[in-house]
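The values are calculated or read from the model by the stated rules, or taken from the named source; none is laboratory data. Here the structure is a predicted model, which is why all the values come from computation and not from measurement. Cβ coordinates were reconstructed from backbone atoms using ideal geometry, including for glycine residues, and neighbour counts include every protein chain displayed.
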Amino acid sequence: MILVFGDSNSHGTPAIRRRGDVARFPEGTPWPDVMADLLGGRVIVEGQPGRTTVHDDPVEGAHKNGLTVLPALLESHRPVEMVLIMLGTNDCKARFGLRGWDIAAGIGRLAEVILASNAGPAGAPPDVMLIAPVPIEEAGVLAEMYQGGPARSRAIAPALRAEAKRLGCGFLDAGRHASVDPVDGIHLTAEAHAALGRAAAEAVRNRRG
């Protein structure tokens with residue numbers, strides 16, 4: 001079984017045109033569903049809109065902190081063969097003031113929690129794949145919230161690649177396969193979800209050997 005630990009782009013949120021929109025693509029469209037269809041196995045998706053890596057959100061709430069909830073999710077879903085982490089987009093919000101390296105380090109902290117757990121088969125830790133999120137743009141109703149975010153988001157992938165190597169995790173750069181919807185500069189189109197799902201399935205197959 002694979003566990004996808006992510007944010008709104010794993011949840012399947014389409015581009016937001018008005019603040020407060022809570023729409024979701026239909027089942028089968030989000031990239032984890034596409035990946036699951038190609039792999040033919042069970043995929044559990046824990047994608048929470050607004051989720052950060054390791055930070056309480058002073059505006060949206062402390063429950064957005066991925067580090068806080070991760071141990072409980074590992075216990076509730078074990079045994080898990082592999083955990084795919086795709087986070088970092090929400091860390092690019094201007095209010096956090098983070099650099100790409102800081103964001104990658106937060107993702108690495110999540111990976112360390114997984115690798116120290118007994119949530120895998122036979123009480124071993126699950127394997128981990130780190131997915132650098134698709135680079136963002138300042139656009140639409142979210143532009144001010146993510147002011148300066150494009151540069152931060154583009155710095156995540158190289159730093160996260162180094163984190164994956166340090167920790168012995170798999171790595172996938174989502175930005176090589178998909179781009180954001182220009183409507184809001186943050187979320188993926190249905191076509192981007194399909195492309196990312198195919199790339200993730202191939203990466204998992206390669207990781208499994």
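Values computed for the structure shown
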item: Matching option when the condition is modelled with pLDDT of 95 or more and small (Gly, Ala, Ser), among Gly149, Gly209; result: Gly149
item: Test: residue in segment 172-180 that is closer than 23 Å to Val69 by Cβ and touching a helix residue (DSSP H, G or I) at 6+ places or on another chain (Cβ under 9 Å); result: yes
